[in-house]
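This report refers to the structure that appears directly beneath it.
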Ligand SMILES: Nc1ncnc2c1ncn2[C@@H]1O[C@H](COP(=O)(O)O)[C@@H](O)[C@H]1O
Ligand SMILES: Nc1ncnc2c1ncn2[C@@H]1O[C@H](COP(=O)(O)O)[C@@H](O)[C@H]1O
Ligand SMILES: Nc1ncnc2c1ncn2[C@@H]1O[C@H](COP(=O)(O)O)[C@@H](O)[C@H]1O
Ligand code: NA
Ligand code: NA
Ligand code: NA
C-alpha cells in the first residue's frame, strides 16, 4: 500500500486449547511480546473435535503482530513447549502496519 | 521467514450464517478437510445486517489452512452450494506453516 | 491461485475497545464500507490488559475486505479519530476474493 | 393504576419500546436460551403432572384432529398467499409453514392468562402443541419443492423432531408424568413458582427481538401486514371449531385457538432456511415476530378467551 | 457465628478475595447482565407498587431538589479534584461526573439493608435515583469541553436517557404502578423473593471486578485514595441535608444519603469514554469501583443509617 | 406414573438421550457456570448453617482420616490400572487422580436424595468434600512424574486450592457459619428453595456432556469400562468403612461412600492436563463422565444408601 501502512511485520496466529491461555500468555510475555489479541474458537484437528460447549475442550485463537525475529522466537518456543502433548496449530502471515513502534 | 515456517499453504476464510454450521462442516469434511477453526461473528454484507443477538441472524467465521488444490476445491463447492441463497463471503490468503503434514 | 479467486483486495483488521462498536460502524459505513465482520476479543497492548469479562474493557475485532483506496481511506480516518485516546491497533493484508463486485 | 392489565404484557411493551428507541438494552443469548429452556420444561411438566392425575381419554382422535388442523391451516395460508398476495411459490410455502405451525412463546402467555383467570385446561394440550409444530413444516417443504428426489427428508425429520422445543416439551411431559405431582414438588419453586417471572423476562427479550424486525414491515408492503394481522383471528376461529370437535373444555379451547392463531418463529424458520433456501427468511420472520406475535399477546388471547367463553356458555 | 453481619456483604468479600488471589472464579458476563437486569427491574417495580398504593406528593419540588443535588455534588467534586488534586481539566471533570452520579448496586444493597431492618422508604426513591444519574454526566462533559460546537449532545442525551439502567428502572416503575400490588403477585417469586439472593450473586461478581481494579490504587497515589474514601461520608451528609429539605422519612433519608455517597461505575464511565476520551478511564473506575463501592457497602451504609437515625430522633 | 423415581435423575436421562440423538439441545456455558456456582455455594452454606447450630467435634481426626482415604483410594486405583489394565505410568496416574478425587455433582445429587428421604448428615461433610479433592491430585502428579526438580508445585497448589469449587464451597461454608440460620433466611429462596430445580438443570447439562464422551467408550476397550463400573461400588465400601471409623451418622456415611465412589471431572482433569500433559485426557474423562457419573447417579447412590442403612441397623 502506498504511504500509509508501509511497514512490514509478521502476524502469527496460534490455535490451541483454551485451558492453556494463562500459561501461554505468561510464556509469550516472557519472550517479549507486548501486544496480542485472543478470541474464543472451536474446531477440529489431529487431536479430534474440540467443540464441546464446555471449558474442557474448546479452543482459543491468539494473534500476535510482531517483527520477524520475535515471531520466529515465539514459534520455536511454543513448538518446543506444546507441540508434543497439546492440540495446537500455528501459521504466519505478512502484514502491513501503521505505527511500527507498537509492534516491536 | 527463515528456516522455521517455510512451507506455504492457503488460509481460506469463510463468513456465513451460523445456522449453516453443521451442514458446512459436513460438507468440507467430505471434501477432505481435516482441520478447521470456527468462531462466532456478526456483520453486514449484501444480505443486510446480521448482528442480532439471536441465533437466527448471526454469523460464523470458518478458517481452513490447506494446500492450494484443496482450497480451490472447497471454494468451488461452497460457492456452488451456498452462494445463490445464503449470506456468505470467502477470501483466501497465503500462510506459512510449521508441520506441513498437518495441513494436507 | 488459479482461476477461482484471482481478484486482489485488501483485508483491514482493526482491534479496538468494544464500547466503540456503534460509533466505529457508523464511521466506516459513512466512508463507503458495505461489508464488514465483527467478533469479540480480548488482549493486551500499550493501553494495558483489556481482558476483563466485563463490557468496560473488552475488545472487538473488525475485518473489512475492500479495495486499496477504500482501505487507505478507512485507515486514515480511524487513525485520525481514535488513535490518540483509544486502545486501537490496525493491520492490512492482501487477500484474493471471489465475486470482486461484493468488495467494492 | 390500570387494573386488569397483565404485567407480563407490559414487559413485552418495554422490550419493544427499548428496541424501537435503539436503547442500549439487550439480554445475552445465553439468558434467552436459559429462560426458554425453563419455560418449555415447565409447560411440559405441567401437562405431565395432569396426565398422571387424570389419564387422557380419546387421545388418538384428538391427535388425528390436531394433525388435520395443522394441514388445513398450512394449505389455507398457502392459497391465500398465492392467490391474494401473489407471492412466488417458495415464499408462499415458507410463510404458510410458519402460520400452520405454532409459537411456544404465545402458548406460554396463554397458559399464564388461564392461570390468572383460574381456568383449567386438558393436560394433553402440550402434546397437541408438539404435534401441531410438525405437519406445517413438512407440508411447507412439499409445497415449495414438490416431491423431488434430492430432498433430504431424513435430515429434515431429524431437525424437526429433535428440535429443542419438541425435545424439552416431550421430555418435560414424560418427567412430569413419571414423577407425578408429589415427586415434582421439590422442583416446583424453580419451574412453577418462577414461571410467570421467567415468562416476563422472556417477553422483554421478545419485545427487543420483535423491534429488530419492525423494519421489515414497510418493505413487504400492505398485503403482508394485513395477512399477519387478519390470519390470527381467522385461524383462531378454526381452532375453536376443532376444539369443539374434540370436546375440549373452555381452557383447552382457548389454548387450541391460540395455537392455531400463532405463527412459529423458531422451528419453522430454521427448517425453511435449510430446506427452502430460496425463500426470503425476513419476510416470514417479520410477519410472525413483529406483527402476529404482538397481536396475539396484546389483543388476540383475551379476544379468543372472550369468544370461546361466549360460545361455550350458549345453550346448545 | 458473627450475628449482625449481613451475608450479602460476605459475598462481596468472597469475590474480592478470589479476585485478589487470582483464583479461577469468574461469572460469565451473561450472568452479570441477567442478575443486574433482575435487580433493576425489581427496584423499579417495588417503587411502582408503592406509588400505586400511595400517590406521591410534592414530587415536583423533590425532583427539582434532586437535580440541584446532582449539580452541587458534581461541582464540589470537580473543584476538590482541581484545587487539591491538581488533576487536569478532563480527568477532574470525568471523575466528578462519576461522583456526582450514582451507583445502582450500592442503592440495591441499601434497599436490602432497609428491608432487613424493617425500615420503609418513599416509593419515589427509584425515580430520584434515575434523576440523579443524569445531571452529573452532562455537567461532567461541559466541565471538560466547555460549550463547544462539535459536542454531539443529541447522541449523548440518547446514550444517557436510553441507558440500560434508566430504562429498566423507569420501565419497572411504570409496570409496578400499572399492575399494582395484586397484579404483580405472580411475579413476586422471581423479582422479590429472590431479590436478596440475586443481590448476593451480584456482589460476588462486584467483588471480582473490584479486585481487578485494585491495582490502579498504587498508580494513582495517595490523593485519589483519600478522595475516594472521604468523599462518600461527606457527600452522604449533603444527601441527608437535602433529604431533610424534602421531608423524607428515615428510610428515604438513608437512601438519598447512600445515593449521594455512591459513585457511578456503569453509566458515567460509558458516557465519559465517548465524550471525554482524553480522560483516563482507569482513574475514575479504580476510585469508584475499588474504593468507594466497597467503602459504602461495608462501612458507609450502616454509618449513614446510624447518623440519619440519630439526627431524626433528635427533638427538633 | 412411576412412583419412587427421583425426577432429577430423569433430567440426566433426558440430556443423555438428547446428546446421543445429536439433538439440537445445548445449554450455553454461561448457564452451566451459573448453575454450578449456585450449587457449590448452596452446599457450602448448608454445611455452614449446621456448623453454626452444632459445632463440629472430633474434627481434626475426621480430617486426618479423610486425607488418608484420599491417598488410599488413589494408590489403589493406580495399582489396579498398572497391574490389571497395563496402562502406562502417566495414564494410570492421571486416571487414579480422577478416582481418588471427588465429583461435586454426584455429591449434590446425594444431598438431594437425603433431603427427599429426610435423612440428616453431619455439617462437616462439605469440608470433607473439599479435603478429599486435594490429595489425589497431588499424588497423581507425584505418581506420574516422581519427585522431579522442574515440577511447578507452587503453581499446582495454587490451581487446586484456588479452584472454583474449593473456593465456593469454603466461601459458602464460612458465609453460612458467620450469618447463621436466621441471617441466611433472606437468601433461602434462591439458594435452598431452588436447589433441586437448579440441580435438575445441572443434570440435564451433565447428560449432554456425558453423551459427548460416550464415544470414547469403544476406543478404550473393555478394561476401562469395567474399571469405571466396578470401582465405584468398591470404593463406596471403603468409604463406608472410613465413615464407621469417624463415627458418622447414616446420612454422613452415605455421603462419604458417595464421595469415595465418585470420580472428579473438573478439578482433576484441569490439573492433570497441565501437570501430566502426556496422559490422554479423553481416557479419564470418558471413564469419569460417561460411565462412573451416570452409574453413581442412577444406581450407586440408592445402593450405597441401602447398604449403609442395612449395616448401621445391624445390632453391633
Ligand atoms: N488445517 C487447519 N486449519 C485451521 N485450523 C486448524 C487446522 N488444523 C487444526 N486447526 C485448529 O487447531 C486446533 C488444534 O489442532 P490439532 O492439534 O491438529 O488437534 C483444532 O482444534 C482446530 O481448531
Ligand atoms: N467486505 C466484507 N468484509 C468483511 N466481511 C464481509 C464483507 N462483506 C460481507 N462480509 C461478511 O459476510 C457476511 C455475509 O455477507 P453477504 O453475503 O454479503 O450478506 C456478512 O454478514 C459479513 O459478516
Ligand atoms: N502486537 C499486537 N498484536 C496483536 N494484537 C495487538 C497487538 N498490540 C495490541 N493488540 C490488540 O489491540 C488492542 C489495543 O492495543 P493498544 O492500543 O496497544 O492498547 C489490545 O488490547 C490488543 O487486543
Ligand atoms: Na398457527
Ligand atoms: Na454520588
Ligand atoms: Na473418589
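Since every read-out is calculated from the coordinates, none of them should be taken as a lab result. From a predicted model like this one, the values you see are computed outputs, not experimental measurements. Don't worry about glycine lacking a Cβ; one is built from the backbone with ideal geometry, like all the others, and counts go over all protein chains shown.
Rounded to whole Å, the principal axis extents of the Cα atoms in chain E read 52, 47, 43, largest first.
Contact order for segment D:1-101, expressed relative to its length and based on alpha carbon pairs under 8 Å spaced 6+ residues apart, stands at 18 percent. Three principal axis extents of the protein assembly as shown based on alpha-carbon atoms, in descending order, are 81, 80, 79 Å.
Based only on other Cβ atoms within 10 Å, what is the fewest-to-most ordering of D:177, D:153, F:310? Please report the intermediate quantities before stating the final value.
Details: D:177 21, D:153 12, F:310 9.
Ordered by Cβ neighbours within 10 Å, fewest first: F:310, D:153, D:177.
In angstrom, the C-alpha Rg and Dmax of segment F:253-316 are 15.4, 51. Just checking the listed ones, B:75, B:20, B:11: in the Gaussian network model of chain B with Cα springs under 10 Å, the one fluctuating most is B:20. Summary value for segment D:28-313: 32 percent relative contact order, contacts being C-alpha pairs under 8 angstrom separated by 6+ residues. In chain F, the calculated helix contribution to ellipticity at 222 nm averages -24500 deg cm²/dmol per residue, counting -39,500 (n - 2.57) for every DSSP H run with n ≥ 4.
Listed by Cβ neighbour count within 10 Å, with the fewest neighbours leading, E:32, A:83 appear as A:83, E:32. Cα centroid distance between segment E:280-316 and segment B:79-97, in Å? When both Cα centres are located, 57 Å separates them. Annotation: for a label point projected 7 angstrom from Cα along Cα→Cβ of residue E:278, no residues of segment C:4-38 have a backbone N closer than 16 Å. On the basis of the beta-carbon distance and an R0 of 41 Å, residue D:226 and residue B:68 show a calculated FRET efficiency of 0.15.
Counting pairs of alpha carbon atoms under 8 Å apart in space and at least six apart in sequence, what relative contact order in percent does chain C give? Please report the intermediate quantities before stating the final value.
Numbers: 163 pairs, mean separation 49.0, N = 104.
Worked out over chain C, it gives 47 percent.
I'd like the distance separating the alpha-carbon centroids of segment C:1-50 and segment F:1-62, in whole Å. Each part reduced to its Cα centre gives a spacing of 43 Å.
Place a label point 7 angstrom from the Cα of residue D:314 along the Cα-to-Cβ direction, then list the residues of segment D:217-247 whose backbone nitrogen is under 15 Å away. Taking a point 7 Å out along Cα→Cβ of residue D:314, the residues of segment D:217-247 whose backbone N falls under 15 Å are D:237-245. Once a ≥ b ≥ c are taken as the square roots of the eigenvalues of the Cα gyration tensor of segment D:28-123, is the result rounded (a/c under 1.5), prolate (a/b larger than b/c) or oblate (a/b not larger than b/c)? Judged from the Cα gyration tensor, segment D:28-123 comes out oblate (a/c at least 1.5, b/c at or above a/b). The angle between the Cα long axis of helix A:21-30 and the main principal axis of chain A comes to about 30°, on a 0 to 90 degree scale. Principal axis analysis of the Cα atoms in segment C:9-55 yields extents of 32, 22, 17 Å, listed in decreasing size. Partner shielding of C:57-69 amounts to 3, given as the average count of beta-carbon atoms from other chains within 10 Å of each residue beta-carbon.
Taken along the Cα-to-beta-carbon direction at a fixed 7 Å, the label points for residue D:156 and residue E:185 span 4.9 nm.
Remark: segment A:33-104 is approximated by an ellipsoid whose semi-axes, taken from the C-alpha gyration tensor as √(5λ), come to 26, 15, 10 Å, largest first.
Kirkwood hydrodynamic radius of segment D:87-204 from all distinct Cα pairs, in Å?
On the way: mean 1/r = 0.0604 Å⁻¹.
Roughly 16.6 Å, rounded to one decimal.
Could you list B:82, D:99 so that the one with the fewest beta carbons within 10 Å of its beta carbon is first and the one with the most is last?
Numbers: B:82 20, D:99 32.
Taking fewest neighbouring Cβ atoms as first place, the list is B:82, D:99.
Estimated purely from DSSP H runs of n ≥ 4, each contributing -39500 (n - 2.57), the mean residue ellipticity at 222 nm for chain B is -8000 deg cm²/dmol once divided by its residues.
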